[in-house]
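The values are calculated or read from the model by the stated rules, or taken from the named source; none is laboratory data. None of the values given here were measured: they were computed from a predicted structure. Don't worry about glycine lacking a Cβ; one is built from the backbone with ideal geometry, like all the others, and counts go over all protein chains shown.
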Amino acid sequence: MKRSGTWGLLNWALIGATVGALVLASGGVFVARGADPIKIGFGMALTGGLSANGKPALLAVQIWKDDVNKRGGLLGRPVELVYYDDQTNPATVPGIYTKLLDVDKVDLIISGYGTNLIAPLMPIAMERKLTILGMFGLANNEKYRYPNFFQIQPAGPDPQTSTAIGFFELAATQTPRPQTVAIVGADAEYPQNALVGARELIKKFGFKTVYDKTYPPSTVDYTPIVRAIKATNADIVFVASYPPDSVGMLRAAHEVGLQPKIFGGGMVGLQFTSVMTSMGSMLNGVVNYDFWAPEPTMLAFPGIKEFLKEYQARAAKAGVDPLGYYLPPYSYTLVQVLGRAVEATKSLDQQKLADYIRATEFNTIVGRVKFGKNGEWAKGRTLMVQYQKVHGTGIEQFRGPGKKVVLYPEELKSGAIIYPYSAAKN
Amino acid sequence: MVAGLLLGGFYAAVSLGVSLIFGLLDIANIAQPAFVILGSYAAYVMNSSFGLDPILTGLLFTPVFYFLGAVVYRLYYGSFERRGDESLRGLVFFFGVLFIIEVSLSLKYGVDYRLVDAAYIGKSIDLGGVGIAFRLLVPCLVGLAMTLALHLFLSRTFYGRAVMAVSQDRLALRLMGADPVQIKTIAFGVGIAAASLAGALLITIAPVVPSTDRDYIGRMFAITVLGGMGSVAGTLVAAVILGVAESLMATFFGPSWSLAVSFGILLVVLAVRPAGLFGR
């Protein structure tokens, strides 16, 4: 009996220890679950053609993550980013997002940067009924009409004309009114879309087209194109180009002595710090689309100054665009919108998030954002800026106002246009 | 027409290395455009850090690139050519070199567009009513000088003749007492050294990113094949033909046709003369 009693005591002690350990372990698991991060997954162009923008976009998203985690995370859980390099190659996108969803088990996904990288994500998001925020795509949802897609890009309800609308509206109000237009752009998706929009607007404003051509993206020398445009003596020259062609066109315009009344429009790349600081005073007079400029009207939005301070402090170490005025504020906005939706709905349910985002106007670091038709911004807000009084190639001049004056839209206007182009060139 | 001639001079400069390495040595060095971009970045770094002229940098870096080329060839020879594995595995090797250069540049300098500043960039000279951009004129003249220098090297020097010989009959060269591997190392080094200058010319004309090399692979090999494998004069003539064709099409018929017409010319020439314009 005694022996049996001792054995029983030991047995009970063992059972008690095991149960206790299990309870503690389960408690530990429970605690660990409570602190499990909310995973946000995405592909991003960290190499390849769009990586000059993809890397700053990633930095902006990382800054948001750090901001949120400093405040205690979302729903009491820290935020973790899971991302892969899509190499600016749309073919990698399905594989990346399948891995994110099935292997990494992310809770939320956002798109990578750019139209071509968002397009292959659309069918995946639709099939799995995911809420998806797109980063700077152009008309990605025009054909799908997927209700849970939201685009962070101030193109507005009519993305095709969004790049050119401000340019032609400004041209139409100048005195003497310009009459003839030359339009030119690369044989690539964005420039083609922008040219379609430009043609529509040319008709709307009653201008006469005297030159309408495209060129292959791998063109090396742009002087023959600019010479052909010069020969038409066009009053307005609208260019829809990617960074290397924008530089080539602008240099050629100076070398050939192109003197239209208004020049620019849809030139991608002139917004990038490395290009601005290389082109310097050659930029003067160009009227071009933009999304952000360090003008008083744009710096008035809450949180933007703090964001830029943090971004610029981290940009040098990250080896990315040191100013970050083009894409980073919008990349931050994208996750800001997603985070607000999670906090407001207290949920990671995809449908609840989509319903909330659709119904809400968000106050973000780039201003008020409300989504409309096809998930595009309800109201377009593509800026038209003019480079003015740029001296030399120093970077410091671009940090403050007065170099990229906002001409359009009216509510964000920060200065007057210098017209014609030749008057601003010198 | 003038713009096309200028462009042709530049195309010749970037294609000379391929003409030498692929045309004469029969080594499918796919990584040649990446070496050109490496030359562009050398010019960028020296220009942005010390204000050095990009073309002067290109010239100063030719010994460095020569040495780099010699090392790459020795590696290629030891790993593939000596074993007779050069055809497919060698191609993969050079693809690897291309990606290593690209990724290394991305990691070191980021992926922003890089440009250089020089007194002649953005200025032009008026010649009989035709504005000629110095940004194109200078690379054209340097390209012509490079072509002449390579021609003289191949035709007037012992090593140049040996390079020509190794491309024709390696065994015969060995019987003459010359080491074909040594000669090929020199030729490969010279081809890569040409990339240093070509890269400097490229960044003078247009901004570059590490992946810019991919835009030039097609053109460089097309020019080499059109001119005739290994013919320096043929490379220059082919480069000018492509440059003028691109330029004339861009001016008179719309730029979207320019590349199609250039490669159309290549197809027609190859149909009539499969060895290229100056090929034997």
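Quick one: which of B:Leu68, B:Leu88 is more than 30 Å from A:Val226 (Cβ to Cβ) and within 16 Å of the chain's Cα centre (by Cα)?
B:Leu68
Picking from A:Val320, A:Val390, which residue would you name as being closer than 30 Å to A:Arg77 by Cα, modelled with pLDDT under 95 and part of a loop (DSSP other than H, G, I, E, B)?
Values: A:Val390 fails: closer than 30 Å to A:Arg77 by Cα.
From the options A:Val320, A:Val390, the qualifying one is A:Val320.
Can we say A:Arg177 is more than 9 Å from chain B (Cβ to nearest Cβ) and over 32 Å from the mean Cα position of the chain (by Cα)?
yes
Considering only helices (runs of 4 or more DSSP H) fully contained in segment A:24-136, which possess at least 3 residues that are in the same structural domain as A:Glu343 (by TED's automatic domain parsing) and among the β-branched types (Val, Ile, Thr)?
A:51-70, A:93-102
Take the residues in segment A:234-247 that are assigned to a loop (DSSP other than H, G, I, E, B) and touching a Ser or Thr at 6+ places or on another chain (Cβ under 7 Å); name whichever of them is farthest from the other protein chains (Cβ to nearest Cβ).
Ranking the qualifying residues of segment A:234-247, first place goes to A:Asp235.
Please go through segment A:208-227 and pick out each residue that is under 16 Å from A:Gly185 (Cβ atoms) and either of a type in the set (Asp, Glu) or outside any loop (DSSP other than H, G, I, E, B) (or both).
Selection gives A:Thr209, A:Val210, A:Tyr211, A:Asp212, A:Lys213, A:Thr214, A:Tyr215, A:Pro224, A:Ile225, A:Val226.
Output the number of residues of segment A:187-225 satisfying the condition of being within 10 Å of chain B (Cβ to nearest Cβ) and among the hydrophobic types (A, V, I, L, M, F, W, C).
2
Being part of a helix (DSSP H, G or I) and touching a helix residue (DSSP H, G or I) at 6+ places or on another chain (Cβ under 7 Å) narrows it down to one of A:Gly380, A:Gly339, so name that one.
After applying the criteria, what remains is A:Gly339.
Residue by residue, here is whether (1) under 25 Å from the mean Cα position of the chain (by Cα); (2) among the polar types (S, T, N, Q) holds:
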| residue | (1), (2) |
| --- | --- |
| A:Phe205 | no, no |
| A:Tyr215 | no, no |
| A:Ser218 | yes, yes |
| A:Gly248 | yes, no |
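Within segment B:226-272, how many residues are more than 14 Å from chain A (Cβ to nearest Cβ) and either touching a residue at least 60 places away in the same chain (Cβ under 8 Å) or surrounded by 23 or more Cβ atoms within 10 Å (Cβ to Cβ) (or both)?
The total comes to 13.
Which numbered condition in (1) crowded, with 24+ Cβ neighbours inside 10 Å; (2) within 12 Å of another protein chain (Cβ to nearest Cβ); (3) of a type in the set (A, V, I, L, M) is the only one that A:Leu258 fails?
Result: A:Leu258 passes all but (1).
For segment B:67-108, which residues satisfy the criterion of being within 14 Å of another protein chain (Cβ to nearest Cβ) and either touching a Gly at 6+ places or on another chain (Cβ under 6 Å) or crowded, with 17+ Cβ neighbours inside 10 Å (or both)?
Hits for segment B:67-108 are B:Leu98, B:Ile101, B:Glu102, B:Leu105, B:Ser106.
Tell me yes or no: at least one residue of segment B:179-193 is more than 30 Å from A:Lys213 (Cβ to Cβ), over 14 Å from the mean Cα position of the chain (by Cα) and small (Gly, Ala, Ser).
Within segment B:179-193 (the criterion being more than 30 Å from A:Lys213 (Cβ to Cβ), over 14 Å from the mean Cα position of the chain (by Cα) and small (Gly, Ala, Ser)), the answer is no, since none of the residues qualifies.
Suppose we keep only residues that are of a type in the set (Val, Ile, Thr) and not in a loop (DSSP other than H, G, I, E, B) within segment A:261-299. Which one would you say is surrounded by the fewest Cβ atoms within 10 Å (Cβ to Cβ)?
The first filter runs over segment A:261-299 and keeps only residues of a type in the set (Val, Ile, Thr), leaving A:262, A:268, A:273, A:275, A:277, A:286-287, A:297.
With not in a loop (DSSP other than H, G, I, E, B) added as a condition, the list becomes A:262, A:273, A:275, A:277, A:287, A:297.
On the way: A:Ile262: 26, A:Thr273: 21, A:Val275: 25, A:Thr277: 21, A:Val287: 27, A:Thr297: 17.
This residue is A:Thr297.
Restricting attention to segment A:269-287, and to residues there that are in contact with a Ser or Thr (Cβ under 6 Å, 6 or more places away or on another chain) and within 17 Å of A:Gly185 (Cα to Cα), which single residue is nearest to the other protein chains (Cβ to nearest Cβ)?
My answer is A:Gly269.
Can you report the number of residues in segment A:75-84 which are in contact with a helix residue (DSSP H, G or I) (Cβ under 7 Å, 6 or more places away or on another chain) and over 21 Å from A:Tyr97 (Cβ atoms)?
2
Please go through segment A:300-322 and give me each residue that is surrounded by fewer than 22 Cβ atoms within 10 Å (Cβ to Cβ), away from chain B (no Cβ under 14 Å) and touching a residue at least 40 places away in the same chain (Cβ under 8 Å), ordered by number.
Passing the criteria: A:Phe301, A:Pro302, A:Gly303, A:Ile304, A:Glu310.
Name the helices (runs of 4 or more DSSP H) wholly within segment B:123-222 that hold at least 1 residues that are within 14 Å of chain A (Cβ to nearest Cβ) and hydrophobic (A, V, I, L, M, F, W, C)? If you could, list the steps in order and put the result at the bottom.
Details: elements: B:134-156, B:158-168, B:170-175, B:180-205.
It comes to B:134-156, B:180-205.
Yes/no per residue for (1) touching a Phe, Trp or Tyr at 6+ places or on another chain (Cβ under 7 Å); (2) buried (at least 20 other Cβ atoms within 10 Å of the Cβ):
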site: A:Ala354; (1), (2): no, yes
site: A:Arg358; (1), (2): yes, no
site: A:Ile365; (1), (2): yes, yes
site: A:Val369; (1), (2): yes, yes
site: A:Asn374; (1), (2): no, no
site: A:Thr382; (1), (2): yes, yes
site: A:Val385; (1), (2): no, yes
site: A:Val390; (1), (2): no, yes
